[in-house]
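Here the structure comes first, spelled out in structure tokens, and everything after it is commentary.
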Amino acid sequence: MLNIVLFGPPGSGKGTQAQNIIEKYKLVHLSTGDMLRAEIAGQTELGLEAKKLMDKGELVPDSVVIGMIENKLAGNKEAKGFVFDGFPRTVAQASALDDLLEKYGNPIKVVLSLVVSEEELTRRILERGKTSGRADDQNESIVRNRVVEYRTKTEPLASFYAAQSKLVNIAGEGSIEEIFAALSAEINKHS
Ligand code: ADP
């Protein structure tokens, strides 16, 4: 089984590249951001609670996203592997994911970290905000808060995965095709 974590700050291209990866390697895409937005669209209680935090650029509680991931893993037993996008975002989420995958006997093979400069991230997100309809993409102070959340809570995960010898840095600036080629070269070492 091929389990991959796509890691990187908001706007680093995880969603775009996750789509390319799942098509090429026939894996299942698990994006907690997409799952949360589906809950918001469905106006569920979970969605309404999550929206309040997402609109401020804050993370939703670990228990919420861990529960959603657990359901998806249980519901996709036949999958050839998963691409985790936007999850894990905290050390607690990463430990929970390791525990869940251990139950299935299929640990994470590789963590691909997309490296993009701060100026480029802000530019991309505000550009995406013009068409994505996402409130959290349209306001510069919310975008800044997401980057702060990333730096304080998510970036420490890089050392968590480096300690497991799973972290690989990939230059996340350049054309989508170039970046996908670099990601594929790394994935091929594990598939
Ligand atoms: P981006 O990577 O561009 O910030 P996402 O769609 O991954 O976009 O996430 C949007 C928002 O959803 C985040 O700012 C956060 O509020 C919430 N979110 C998504 N995934 C998680 C997670 N794993 N843990 C906590 N909050 C999350």
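The values are calculated or read from the model by the stated rules, or taken from the named source; none is laboratory data. Predicted model, so just to flag it, every value in this text is computed and none were measured. With ideal geometry, Cβ positions are generated from the backbone for all residues, glycine too; neighbour counts draw on all protein chains shown. Ligands, DNA and RNA are excluded from the accessible area calculation, which covers all protein heavy atoms including side chains. Shrake-Rupley method; radii C 1.70, N 1.55, O 1.52, S 1.80 Å.
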In the range 130-142, what residues are assigned to a helix (DSSP H, G or I), touching a Gly at 6+ places or on another chain (Cβ under 7 Å) and either among the aliphatic types (A, V, I, L, M) or more than 12 Å from the ligand (Cβ to nearest atom) (or both)?
-> I142
Given (1) modelled with pLDDT of 95 or more; (2) in a helix (DSSP H, G or I); (3) closer than 24 Å to G57 by Cβ; (4) open to solvent by 30 Å² or more (accessible area, probe 1.4 Å), index of the condition E173 fails | (2)
Name the single residue, out of those in the range 72-94 being without any contact (Cβ under 8 Å) to a residue 40 or more places away in the chain and within 14 Å of the ligand (Cβ to nearest atom), that is most open to solvent (accessible area, probe 1.4 Å).
-> A92
Residues being more than 13 Å from the ligand (Cβ to nearest atom) and either basic (K, R) or farther than 16 Å from K14 by Cα (or both): count how many of those fall in the range 103-129.
-> 9
Identify, from the list G57, G47, the residue that is open to solvent by less than 20 Å² (accessible area, probe 1.4 Å), in a helix (DSSP H, G or I) and over 19 Å from G172 (Cα atoms).
-> G47
Hits in the range 2-60 (condition: of a type in the set (F, W, Y) and either near the ligand (Cβ under 8 Å from one of its atoms) or under 23 Å from A158 (Cα atoms) (or both)) = F7
Residue hits (the range 119-143; open to solvent by 80 Å² or more (accessible area, probe 1.4 Å) and either under 18 Å from the mean Cα position of the chain (by Cα) or β-branched (V, I, T) (or both)) are R128, T131
Test I179 against the criterion of being surrounded by 19 or more Cβ atoms within 10 Å (Cβ to Cβ) and either under 16 Å from G15 (Cα atoms) or touching a Leu at 6+ places or on another chain (Cβ under 7 Å) (or both), and give yes or no.
-> yes
